[in-house]
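Heads up: the structure comes next, in structure tokens.
Rule-based calculations on the coordinates, nothing more; no lab input. Keep in mind the model is a prediction, meaning the values are calculated, not measured. Positions of Cβ are backbone-derived with ideal geometry, glycine not excepted, and every protein chain shown enters the neighbour counts.
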Amino acid sequence: MTTPFFQTRLGLGTWPMGEDAHSEAEEVSAIASAIQMGYQLIDTAEMYGSGQAENLIGKALKNFGNSARDDLQIVSKVLPSNASTKGTITACERSIKRMGCEYLDCYLLHWQGSYPYEATLEGFIKLQERGLIRSYGISNFDAPDVNDWLVAERNVGSPYQTVCNQVYYALNARGIEYNLIPLLQEKGMAFMAYSPLGAGALMRNPKLIALAKEAGLTPAQVALAWVLRQPHAVAIPKTVHPERLRENLSAANLVLDDALLKALDQIFAPPIQKKPLMVI
Ligand SMILES: NC(=O)c1ccc[n+]([C@@H]2O[C@H](COP(=O)([O-])OP(=O)(O)OC[C@H]3O[C@@H](n4cnc5c(N)ncnc54)[C@H](OP(=O)(O)O)[C@@H]3O)[C@@H](O)[C@H]2O)c1
């Protein structure tokens, strides 16, 4: 199953990389290992480590030639406080400079702030016209916000399309199944599931650990394959450990059987009513 725009369904998250200078060597090495073992998508943001996560990606990319860049999709995000038209453009230019990557494959508004959506969209459009981004999207937008954003996109007459919404989605955060995932599917947008391991908490869930063991899988493989059972989903788990990078990547090719999916539903119930969007 492919998703609109994204060439792969499992990428690498980079938060909270770049926050502790002592971890720099390990984090650069993790990003480089991920690229080497076949990750084709990296998610970052100007916010992560105040730009330092993007610097780490830049350092990791230096190990590879231009051919590696061509095989990689890089997603970054503009802070709402920078999301005026001019601010969006300059923030993107700074991100590209930090990573030395010439362009971003997708540029997201990290969450809603005080600038009108039209202002941010004008920035995105100018960036895409200049070839500095290949697409744009949003993050932490619930269903009504997605609709408002799409109205703004029509108002500015964008020649492009919003390709994705990056939101929290994991076994322990299923609320978006109620009406956001169906809306994104209807609009032809991908959704990028952040914190697909519940920011690590799911890895300590005894019931998930037991079910995974019974299935001959790891809890991470079950949690990620479960996210990816959704058409149009992309998962972006973060790890700095090479063995976990490999383990997480392997989940992209796993299909969970009906019995396991039912057992997961019993532990992590699907939503039966609208819930507020969960945000980390
Ligand atoms: N748009 C947004 O507002 C937003 C918000 C939050 C996150 N994000 C993005 O989503 C990415 C992922 O989210 P996240 O980092 O919050 O949570 P996550 O990927 O669900 O979980 C990461 C945690 O799980 C651990 N882990 C990873 N693989 C594991 C494995 N195979 N076995 C056991 N533990 C494992 C990691 O530790 P180790 O590193 O020690 O392995 C880390 O503590 C972020 O890095 C960021 O790029 C976006």
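Which of Lys62/Lys86; Lys238/Lys274; Lys59/Lys275; Lys213/Lys238 have a Cα-Cα distance over 32 Å? Listed pairs above 32 Å: Lys59/Lys275. Counting Lys and Arg as +1 and Asp and Glu as -1 over every other residue whose Cβ lies under 9 Å from the Cβ of Val240, the net charge comes to 0.
Taking the DSSP beta bridges with both ends in the stretch 12-267, the antiparallel portion is around 5 percent. Per-residue Karplus couplings for the stretch 72-86, computed as 6.51 cos²θ - 1.76 cosθ + 1.60 with θ equal to phi - 60°, are listed in order as 10, 10, 10, 10, 9, 9, 8, 5, x, 5, 9, 8, 6, 4, 5 Hz, Gly and Pro entered as x.
Taking every alpha carbon pair in the chain, what does the distance histogram look like in 5 angstrom bins from 0, in percent? So the P(r) values, bin by bin, are 1, 6, 13, 17, 19, 17, 13, 8, 4, 1, 0.
Volume of the convex hull of the stretch 1-80 (Cα atoms only), normalised per residue: 94 Å³. For a straight C-alpha distance cut-off of 13 angstrom, the aspartates and glutamates reachable from Lys126 (same-chain residues fewer than eight places away being disregarded) are Glu93, Glu118. A simple count of charges around Gly100, restricted to other residues whose Cβ falls under 10 Å of its Cβ and scoring Lys, Arg +1 and Asp, Glu -1, yields +3.
Working from Cα pairs under 8 Å separated by at least six residues, relative contact order for the stretch 21-140 is 25 percent.
Using the Cβ-Cβ distance between Val156 and Ala21 with R0 set to 30 Å, the FRET efficiency from 1/(1 + (r/R0)^6) comes to roughly 0.15. Kirkwood analysis of the Cα pair distances in the stretch 100-222 returns a hydrodynamic radius of 16.2 Å. The distance from the alpha carbon centre of the stretch 65-115 to that of the stretch 204-235 is 31 Å, rounded to a whole number. Around the amide H of Leu12, modelled in the peptide plane, lie the amide H atoms of Leu41, Ile42, Asp43, all under 5 Å away and 5 or more residues distant in sequence or on another chain. Projecting label points 7 angstrom from Cα along Cα→Cβ for Asp71 and Ala201 puts them 3.7 nm apart.
Can you pull the one-decimal nm distance between simple spin-label points at Ala269 and Glu243, each 7 Å off the Cα toward Cβ? Result for the modelled spin labels: 3.7 nm. Residues in the stretch 253-263 carry Karplus couplings, in order, of 9, 9, 10, 7, 7, 4, 5, 5, 4, 5, 5 Hz; the curve used is 6.51 cos²θ - 1.76 cosθ + 1.60 with θ = phi - 60°, and Gly or Pro positions show x.
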